[in-house]
There are 2 protein chains.
Amino acid sequence: MLDPYLLFLGDTTLPGSDKTAAGLVQWRPELCLGQHRLPGCGVDVGLPDMTPAVAHERGARTMVVGVVNVGGHLPPHWIASIVEALDAGLDVAAGLHQRLADIPEVREAATRSGRTIHDVRQPTRPFAPGTGAPRSGKRILTVGTDCVVGKKYTALALEREMRRRGIDADFRATGQTGLMIAGRGVVIDAVIADFISGAAEWLSPAATADHWDVIEGQGALNHPAYAGVTLGLIHGSQPDVLVLCHEPVRPNILGLDYIIPDLATCIAMNLDAARLTNPQARVAGISINTSRMSAEAAALARRQIAEETGLACADPIRDGVGDIVDAILRPGVD
Amino acid sequence: MLDPYLLFLGDTTLPGSDKTAAGLVQWRPELCLGQHRLPGCGVDVGLPDMTPAVAHERGARTMVVGVVNVGGHLPPHWIASIVEALDAGLDVAAGLHQRLADIPEVREAATRSGRTIHDVRQPTRPFAPGTGAPRSGKRILTVGTDCVVGKKYTALALEREMRRRGIDADFRATGQTGLMIAGRGVVIDAVIADFISGAAEWLSPAATADHWDVIEGQGALNHPAYAGVTLGLIHGSQPDVLVLCHEPVRPNILGLDYIIPDLATCIAMNLDAARLTNPQARVAGISINTSRMSAEAAALARRQIAEETGLACADPIRDGVGDIVDAILRPGVD
């Protein structure tokens with residue numbers, strides 16, 4: 001994907017639905033030139049507003065669809081904006097289940113303008129079934145008590161902190177936003193079901209003994225819709241270390257009538273699953289998302305969870321992930 | 001798919017790789033007219049050998065690729081046989097991950113002859129993510145301690161025995177062979193990973209209170225390659241009753257260096273998983289595959305497993321599934 005990017009936000013109004021745009025602005029600000037919003041848009045990632053034509057004039061190379069919706073489909077009234085961007089000379093990238101390249105108007109505009117469409121959610125290669133064979137190198141996987149709880153952010157923060165300490169660490173993207181941030185990876189929820197763990201094995205291949213892959217987790221084992229993806233990703237990743245991501249003030253799975261189990265139960269579920277393919281797997285820490293809590297409540301939750309679980313606990317944004325990296329690097333004793 | 005069928009066995013030599021052909025002969029003998037084998041073929045499903053031209057003359061309508069291989073690809077030297085069948089006036093059906101319709105020679109032959117290609121493993125509709133919302137009707141899911149252990153056979157035998165007793169029961173196919181036998185279903189391992197449980201919810205929809213769906217299981221929770229598919233299928237199926245399928249003389253996952261856990265562990269794993277979406281789920285019985293055991297050893301294993309687990313235990317082929325159906329219909333007491 002050629003940069004810099006124009007981030008398309010459409011006319012979305014749902015807070016949080018701009019997670020791809022927000023993730024790019026957070027982790028790759030140097031690649032983000034502007035945002036393009038339609039009338040009525042209710043989100044703002046803090047970049048100058050500009051049309052595709054103006055963005056192209058200022059040097060933008062790709063318009064990124066920066067919002068996601070459940071089901072991964074493009075609202076039909078956004079097609080004109082995609083076509084406009086292609087005609088203005090921009091490539092277009094999106095991470096939907098639906099392929100932009102399958103929309104006739106979009107395909108025609110790309111042909112006409114000679115621009116490229118990047119459907120980053122679509123696997124670009126076939127995978128083999130997983131083998132479960134042990135491999136060298138060290139791997140961290142972020143897991144969660146729900147979706148949208150900080151698994152990508154935590155993995156990116158761990159990579160940054162480990163690299164700061166001179167450790168050889170690589171973030172491994174498994175979602176469309178992570179892939180756009182990292183520029184590589186595999187969108188694991190878009191892989192054919194038979195190949196989930198095989199794709200995860202491909203994503204974090206054998207490495208030198210002191211190399212760490214920091215793999216972005218997906219879904220949750222206690223999630224009735226997505227646990228299959230989570231389990232295949234755990235098995236294929238063969239993590240040495242798990243970091244559990246959790247929002248303390250969230251009682252239920254987002255949007256569903258399912259209570260999130262207590263942390264001890266979630267830790268045990270994930271550990272049991274991981275130990276099938278890596279008997280030495282351990283949970284090193286809890287990454288909490290306290291964005292909806294006061295500073296006092298966040299600090300209290302951090303202390304309580306550390307005490308309750310006996311594990312390092314931190315909010316990567318408020319506290320950094322130094323304590324969790326310390327715990328990751330301490331040899332396992334459980 | 002138009003019947004009757006000519007079953008294509010290629011030149012396969014691996015025992016068990018003819019499972020699609022064998023399943024059709026076992027469960028739909030009235031649809032199977034002949035078999036077509038290439039020189040060197042080492043399997044035999046007991047039907048008259050005939051060429052596509054002769055089969056067409058005798059009334060066959062579809063040639064079914066009746067063998068499967070790991071990875072789901074067609075050996076290139078079989079393409080000529082597929083083309084020959086189409087040119088002889090037969091439709092062709094296959095359950096590979098690879099689409100026959102994507103092979104240029106096959107596509108051209110189908111166009112030329114006006115025949116139809118059935119790539120039954122390919123989902124023919126989009127699915128939504130699972131919701132986990134409770135639904136009416138009763139559901140049985142067969143689960144296993146490994147692949148190729150009798151989950152499809154057991155589910156079909158349960159449907160037959162329940163219908164014999166006047167119970168309103170429907171087999172729900174989740175694999176390519178099951179789908180060809182039933183004429184409907186969804187090949188769950190070919191669904192996009194995000195939609196495994198959603199596809200399972202679609203497959204066994206809400207029904208009347210006394211209706212039973214008997215859902216064919218896939219993979220195993222203790223399988224390092226396929227557990228994600230298994231878990232999504234369990235969650236989406238919301239089974240009231242699980243039947244665990246097991247081969248007593250198999251120590252390891254087929255082809256992999258993974259020991260199969262003891263039955264108590266497998267029962268607990270599957271129950272824990274099922275209770276996320278159906279807290280009333282119970283295991284009613286153990287279906288054993290004793291095909292590689294003597295009658296004496298099989299009888300002993302049956303007694304020992306029944307004693308060890310406290311559950312009904314039977315080999316559907318040697319013993320029938322009457323005892324297991326009795327246990328299914330007994331109200332749960334655990």
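The values are calculated or read from the model by the stated rules, or taken from the named source; none is laboratory data. From a predicted model like this one, the values you see are computed outputs, not experimental measurements. For neighbour counting, all protein chains shown are included, and Cβ atoms are generated from backbone atoms with ideal geometry for every residue, glycine included.
Could you go through segment A:265-276 and let me know if any residue there is surrounded by 15 or more Cβ atoms within 10 Å (Cβ to Cβ), touching a Pro at 6+ places or on another chain (Cβ under 8 Å), farther than 30 Å from A:P129 by Cβ and of a type outside the set (F, W, Y). Scanning segment A:265-276 turns up no residue that is surrounded by 15 or more Cβ atoms within 10 Å (Cβ to Cβ), touching a Pro at 6+ places or on another chain (Cβ under 8 Å), farther than 30 Å from A:P129 by Cβ and of a type outside the set (F, W, Y). Is it true that some residue in segment A:9-16 is crowded, with 21+ Cβ neighbours inside 10 Å, β-branched (V, I, T), outside the structural domain of A:A157 (by TED's automatic domain parsing) and modelled with pLDDT under 95? Looking through segment A:9-16, at least one residue is crowded, with 21+ Cβ neighbours inside 10 Å, β-branched (V, I, T), outside the structural domain of A:A157 (by TED's automatic domain parsing) and modelled with pLDDT under 95.
Among the residues in segment A:21-30, are any over 15 Å from A:L179 (Cα atoms) and in contact with a Ser or Thr (Cβ under 9 Å, 6 or more places away or on another chain)? No, segment A:21-30 contains no residue that is over 15 Å from A:L179 (Cα atoms) and in contact with a Ser or Thr (Cβ under 9 Å, 6 or more places away or on another chain).
Under the condition of being surrounded by fewer than 24 Cβ atoms within 10 Å (Cβ to Cβ) and on the phi < 0 side of the Ramachandran plot, the residues counted in segment A:70-92 number 15.
Just to be sure before I move on: is A:E201 under 11 Å from the mean Cα position of the chain (by Cα), under 19 Å from A:R139 (Cβ atoms) and assigned by TED's automatic domain parsing to the domain that holds A:L158 in the structure I sent? No; evaluated as a whole, the condition is false for this residue. When the test is whether a residue is out of contact with any Gly (no Cβ under 8 Å at 6 or more places or on another chain) and of a type in the set (D, E, K, R), B:R165 passes it.
Once segment A:268-327 is narrowed to residues that are among the polar types (S, T, N, Q) and more than 14 Å from every other protein chain (Cβ to nearest Cβ), the residue that is nearest to A:G144 (Cα to Cα) is A:S287. Listed by position, the helices (runs of 4 or more DSSP H) contained in segment A:1-120 that have at least 1 residues being under 27 Å from A:D189 (Cβ atoms) are A:19-27, A:79-87, A:104-113. Those helices (runs of 4 or more DSSP H) of segment B:241-334 in which at least 3 residues are hydrophobic (A, V, I, L, M, F, W, C) and modelled with pLDDT of 95 or more, considering only elements entirely within it, cover B:263-274, B:295-309, B:322-329. Taken over segment B:251-291, the residue count meeting the criterion of being closer than 25 Å to B:V325 by Cβ and touching a residue at least 24 places away in the same chain (Cβ under 8 Å) is 23. Residue check: B:I181 meets all listed conditions (1) out of contact with any strand residue (DSSP E or B) (no Cβ under 6 Å at 6 or more places or on another chain); (2) without any contact (Cβ under 8 Å) to a residue 60 or more places away in the chain but one, namely (2). Checking each residue of segment A:36-54 against the condition of being within 19 Å of A:G183 (Cβ to Cβ), touching a Gly at 6+ places or on another chain (Cβ under 6 Å) and of a type in the set (A, V, I, L, M, F, W, C) gives no match.
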